[in-house]
Structure formats: structure tokens, C-alpha cells
Amino acid sequence: MQSVIRIILQRLALGFLTLFVVSIVIFTAVNMLPGDFAQAILGQGATPEAVESIRRDLGLDQPPITRYFQWLGGALQGDLGNSFAQANFASFVGADSGVRTTVAQQIAPRFANTMFLAAVTACIAVPVSLTLGILAALFRNSVFDRATNVTTLTSISSPEFFLAYVLILFLAVLNPVLPSLSNIFEGMSFGDRLEKTLLPALTLTLVVTAHMMRMTRAAIINLLASPYIEMARLKGMSPMRVIVKHALPNALAPIINVIALNLAYLITGVVVVEVVFVYPGIGQLFVDSVKIRDIPVVQACCLIFAAAYILLNLLADILSILSNPRLRHPK
Amino acid sequence: MNTLLTLVLILVAVAAGGWVLRFAGQKITNNAPTFRDMPFAVAFGYVLGTCLLAFSIWYFFQPTQNEAGVPNAGVVFFRWAAQFFIISAIAAFLFRALGRTVGTRGSRKLFRQMPLTASFGVLVVIIYAFTAIFAAWLAPHGQEEVFAKVNVLPGGNAATGGDPLFPLGTDQIGRDLLSRLIYGAQNTVGIAFVTTCLAFFLGGTLGFLAATLQGWLDQVLSRAVDVLMAIPSLIFALLLMTIASAWAGSERWLLTIYMILIIAVIDSTRVFRLARAVGLNIVVMDYIEAAKLRGEGLGYLIFKEILPNATAPLLAEFGLRFCFVFLTIASLSFLGVGIQPPLADWGTMVRDSAQFINFAAFSPLTAALPLLAAGAIALLTVGVNFVVDWMLHRSSGLKE
């Protein structure tokens, strides 16, 4: 047990170290921007005094290392700075009202929306892919297996927007059962929200199911040659029972791992789907900020995406250690 | 609620049909093993499959428009999809048959073992390569040529707002969409191919170098790759594209070059991992030892000893990597920060024509435009994936 805790602590430390380095990478990348924001926003008529004033206002006159630690310190306390685009540059004419939209205020509701989308997708995708994987392993090399294989391979290799538009075409335009735009706002009832989220969630399900289903199938089939499966078969167990009772528990480690990896993909890979459905999530905000070069928001979104990605990968890592006795007791 | 009830009723009916099928089979064949040992799920599957097939055939032969001349869009789209499916299956079959009779002994043998999906993939790749190389000859007009007729509807029928000169119509500033679709093959696929090659050159060389030299170089490179891989690739690409767009300023073509470099670097990390892992397994071999004792240089070791022995896994990785790069570029273009406007490109075409999909009920052809461009992207990645899947299956020797 001791060694397990030690391994997990090691992984956690490594994860946070990675996150720290990633934050440096993000900060450095953003600071490689030529010119500066003050110059850009004031355009051609910028007087040196005005530029200086905005630079001071946004803290751009500090050296990069000071700014990095200010940013990181703020980020750790939940303060991600002020959005450039939302900032009112009233202070240098002496009319600052002091009320500003902070990045954290902008991101928080959208992050919740994205998590909701990911959760709905996971609730559909995980059971579906497990069932399909088990059935494909049970009826391996049959017509059903091949058809599932080809279908999932097709859906995983298509771009998200293709799947999204095909679903919109069939489920929103030709047969209007679901709304094609996900305009979600605060105070919506859960049912309404779910209905609006369903189409993006279905698109994401199509994207992630293939990977999980194929992994489930492969993990189970890998075990079918083991002696204890042979034993169970000779005992006269039905093929379904052999797989569900004997093969599945031993195949869980790679399956859990792949589910966690796909969840990581869900939180970060939603950008395109959110744009297609105009879903008010963090991915949409990120793309919009990229287009107008709103640096604090881009930085913050990047950091959040990277953190979610690293944490879920870490979770996958730890779960696969916990579920595998050979890794739990390393020699 | 009504549709849900109907669905449940249909499923119950199919379940009953499955039970009847098994029972009747057992009675008629006097308990032949096929029916005696048939699990209920299999019987259910057979009946469900037959019902779906029958429904598809019935739906396929529904009229495409009603008496008033309003198109029945659902049937139109279904027909297109079914026709495409049947034609591609026949084409793949014929192509495989051709490959089995023509060519060298090795290639004939390869085609004999090929499943239909893989031969379809090979055919798709060949067609795309042909279109990309000869786009200038195949396209009726230039990709940047602007005509006076704007917003011509697809179909080429003058009565419905089309023009035989422009079979797929023109866009809002009067460029021929068919030509842009064909040039899209050249630009999108060409740029993705160049990017993948660059990623492989970079990642492969560094990976083999790390595997051969080991020591601090290996440590530094591996840790750097770990950090880069910890950031989701599309997010990182978008972040760097923000900066690149500032660097490029008003020079639009520079942005495309930056995009190639950015995606190549991001994807080379994945190639590095694989090349290093494969390389580490090879450098412990005796023939490497022998080459080292002969006094061969580093370049010889990497390109003449390690590379030829690492071709198989790298080739499969090349296919997969190409798909990822291609999809990343298409997604970036779709989001508006990828390949820049004067060049025709599929991702941008999807974004520009996306709202046409709402006209599906009145004019299926117009609504098909965004799907055509997106489908062109999907078809190539699906084809490459089919081929790679078969290659991996063959090399892993998984038979069960």
C-alpha cells in the first residue's frame, strides 16, 4: 500500500511540474507577440503618452518575469486578469468607473457549460461504446462486428464539422426533432438545457465512441486465449457470461484508461463542435479571443484546457496503476 | 412522445419476430445446430437487419418530389448516400479485381489478401493524388477567377437559377465552386502532405538521434517533447496561430507558411516518441554494434542501418499522422485561422457555405454544398484510415 501512495504522489508531483512548465510555455509564447497591444488598439493615431498610459494601465511596462509571476500568482487565486477587449480605457482620461469584466467572470459560466456538454456526452458515449465493444467481441468476425468496425472507423476519421452538419441535416432540418443552435442561458430548466445540448453531445459521441469501442473489443479479445477463459468455456458457460464475468474485469484497466483519455479529449476537443452549434462554452470563447487577439483570455483558456488535459491524463495513469497489480507492486 | 412510443413498439415487434424466426427455424430444420444454438440476440439481430434493409430499399424507391413539385429532401439525400455507397463498393471491388490480375507477382499477392475496405482506401488515395496533381487541367476555371455571375445555384439548370457553365454554381463574389473544390484537393491535401513530411523529417531525425546518442541529448529532447505533448494539440496550434497572425500582419501567404511550421513542430513530437521507441529497440541489435565497430558515422547509422529497419511502423504512423494533420488544418481553416482566402480550401468552403444547410427542404442540391466540401475531407481520411487499419492488422498478426 505504501508503494502505491508513493507512486501516486510521484505522479501528482510530476503532473504539477508539467503544468508549471506548460504555464511558462504559454506565457512565453504569448509574449513573443510583436509590437504590443497598446500600440495595436490605438492604431495609427497613437500618441506616445496614450500608449504609455495604456501600457501602465495593463501592466505591460513591467519586465516579463515579474509579469509572469504576477499572472501565475493571480491565476492560482482564481484571478485571471482583465480581458483586453472588455477593458475600458477610461482610466487615462480620468473617468474610470472601476467596474470591469474580469476574465474569470467571463470564463466561469462558459466553463460550466462545457463541463455540462462533456458530462452529457460521457453519459451517452461510455455505455454505448462499452455495449458495442462487448457485443463486437462476442460476435467477432461476424457481419455485425465488421459493420460496427467500419462504421466507427468512418466516424472517428471524419472531421467533427462533417458529422455535425450531417446530424444537423437529418435531425434538425429534414426532421426537426432537435434544435440546431444551442443558445443556452442562465435560468433554463434542466430539460430545455438537455434538449439544446443533445445535438452537440451526439456529435461528440460519434467522435469518441469509436476509440473506446475498439479498445474494449481489443482488450477483451486479447484475453480470450487465456487458460482461465478456456476453463470457463469448458465448464459450459454461455459466451456472454464468459465475456462479462471473466474477461471484462481483467480487461478493465485498458478500458478505464481509454475512457479517461477520451474524456480529456472531450474537454479540449470541443472547440470545433462548439463553434458549429454556437454553444456558449469555453471553446467558443477561446476561438473568438484568438481572432481578436485578446491575450489574457487566450492565456487563461489555454491554461484551463492544459490543466484539464493534464489532470485527466494523470487520472488515467493513476487508475491504470491502481487496477493493475503488477504495476502496484513494481519489482 | 409519439415517435418514442412507435420506436418501442417496433423494437418489441422485431423481438417477437426474432423469437418466431428461431422457433420456426428449429421446427422446420428439425433442430439443426444453427437454429438450436442460436442465442436470442443473434435472431433479434437478423430480423432487425432484414427490417432495416427492407425499409432502406422501400425508402430508396420513394418518389423524389410530390405532385406539387416540392422535393422530398429526405429521399433525395438518402438516394445520394445509397448510390454513393453502392458505386464505391463496386468501384473498390473492380479495383481489387484489376489489382489481382495486373502488376507484379508481389502486388498481385497483396491485392489477393486485401479486404474490400482497404482496396477502397487505396483507390480513394490514388484518385485524390491524381486530382491534386492535375488540378490545373481538371478544373474548368481558375481558383481565383471572378465571374460576373454571383450566387449561381448549383445544378446547372437555368430554370432553377443555375448555369451550365458552373455545374456547382458560384459563390458570393462569383468564383466557380467546382473549380475551387478541385483546387481544394491541391491546396488542402498538398499542404497537409508537406506538413506531414516536415513533421516526419524533424521528429524522425531527432528521435533516431536521441535513440542512438542517448545521454543528455535524449533527456533534453524527451522532456521537451513531454511538455509540448501536455498541451492539447488543437489548442496549442490555435494559440501559436494567434501569435503567427500578428507576426504575419497583412501578408496572408506568410500565415500559411507559419501554419505549416507550427503544425509540423507540434506533430513532430508524436513522431519523435515513436521514432525514439522504435530506434531504441533497433540500436541494441548486433548489426548496429558491427557497424559501430566498422567505424561508421552517425549519418550512416541513422539513415542506412536504423531507418530501413523502422520503415514498417513509421509508414503506418505516416498514414495516421497525415490524417491528424489534415484534420487539424481543415479544422483551423474551418475556424477561420488556417489556409488563407485567395487559396481555395475545403475547411474555409464549409464555413462559408454552412448556412445553406438550412435550405435542405427546398433545394437539396444547395444544401449539399457544405456537405460536399466536408465530405471531401472525410472521404480522404476515411480512405487512409482503412488502409492503415489493414496494414496494422496485417503486421500485428491478430487473427482472432
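Taking residue A:125 as the residue in question, decide whether it is in a helix (DSSP H, G or I), small (Gly, Ala, Ser) and free of Cβ contacts under 8 Å to residues at least 60 places away in the same chain. Criteria not met by residue A:125.
Among residues belonging to segment A:168-179 that are more than 8 Å from chain B (Cβ to nearest Cβ) and farther than 16 Å from residue B:76 by Cα, point out the one that is modelled with the highest pLDDT. Among them, the one singled out is A:172.
May I ask you to list the residues in segment A:139-150 that are assigned to a helix (DSSP H, G or I) and touching an Asp or Glu at 6+ places or on another chain (Cβ under 9 Å)? Within segment A:139-150, A:149 is the sole residue that qualifies. Does residue B:250 count as free of Cβ contacts under 8 Å to residues at least 40 places away in the same chain, of a type outside the set (Val, Ile, Thr) and within 14 Å of another protein chain (Cβ to nearest Cβ)? When the stated conditions are applied, residue B:250 passes them. As a summary of the residue check, residue B:142 satisfies the conditions (1) at pLDDT 85 or above; (2) surrounded by 12 or more Cβ atoms within 10 Å (Cβ to Cβ) except for the one numbered (1). Scanning segment A:271-300 for residues being closer than 11 Å to residue B:242 by Cβ and touching a residue at least 12 places away in the same chain (Cβ under 8 Å) gives a total of 10.
Inspect all residues belonging to segment A:236-256 and state whether any of them is assigned to a loop (DSSP other than H, G, I, E, B), under 30 Å from residue A:109 (Cβ atoms) and away from chain B (no Cβ under 12 Å). The answer is no; no qualifying residue exists.
Here residue A:131 meets each of (1) surrounded by fewer than 18 Cβ atoms within 10 Å (Cβ to Cβ); (2) within 20 Å of the chain's Cα centre (by Cα) with one exception, condition (2).
Every condition in (1) in contact (Cβ under 8 Å) with a residue 60 or more places away in the chain; (2) under 27 Å from residue B:262 (Cβ atoms); (3) of a type outside the set (Asp, Glu) is met by residue B:366 except one, and the failing one is (2).
Filtering segment B:77-106 to residues that are small (Gly, Ala, Ser) and within 24 Å of the chain's Cα centre (by Cα) leaves B:81, B:82, B:88, B:89, B:91, B:92, B:97, B:99.
For (1) touching a strand residue (DSSP E or B) at 6+ places or on another chain (Cβ under 7 Å); (2) modelled with pLDDT under 80; (3) more than 30 Å from residue A:171 (Cβ to Cβ), each residue gets a yes or a no:
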{"position": "B:98", "(1), (2), (3)": "no, no, yes"}
{"position": "B:108", "(1), (2), (3)": "no, no, yes"}
{"position": "B:150", "(1), (2), (3)": "yes, yes, yes"}
{"position": "B:153", "(1), (2), (3)": "no, yes, no"}
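Quick grid of which residues meet (1) within 14 Å of chain B (Cβ to nearest Cβ); (2) within 30 Å of residue A:192 (Cα to Cα); (3) buried (at least 19 other Cβ atoms within 10 Å of the Cβ):
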{"residue": "A:125", "(1), (2), (3)": "no, yes, yes"}
{"residue": "A:143", "(1), (2), (3)": "yes, no, no"}
{"residue": "A:146", "(1), (2), (3)": "yes, no, no"}
{"residue": "A:150", "(1), (2), (3)": "yes, no, no"}
{"residue": "A:165", "(1), (2), (3)": "yes, yes, yes"}
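The set of residues in segment A:172-184 that are in contact (Cβ under 8 Å) with a residue 24 or more places away in the chain and of a type outside the set (A, V, I, L, M) comprises A:180, A:182, A:183.
Quick grid of which residues meet (1) part of a helix (DSSP H, G or I); (2) crowded, with 24+ Cβ neighbours inside 10 Å; (3) within 9 Å of another protein chain (Cβ to nearest Cβ):
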| site | (1), (2), (3) |
| --- | --- |
| B:329 | yes, yes, no |
| B:333 | yes, yes, no |
| B:349 | yes, yes, no |
| B:362 | no, no, no |
| B:372 | yes, no, no |
| B:383 | yes, yes, yes |
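Just so you know, in segment A:290-300 the residues that are under 20 Å from the mean Cα position of the chain (by Cα) and at the interface with chain B (Cβ under 8 Å from one of its Cβ atoms) include one that is farthest from residue B:336 (Cα to Cα), and it is A:298.
The values are calculated or read from the model by the stated rules, or taken from the named source; none is laboratory data. Keep in mind it's a predicted model, so treat the numbers as computed, not measured. All Cβ positions, glycine included, derive from the backbone under ideal geometry; neighbour counts span all protein chains shown.
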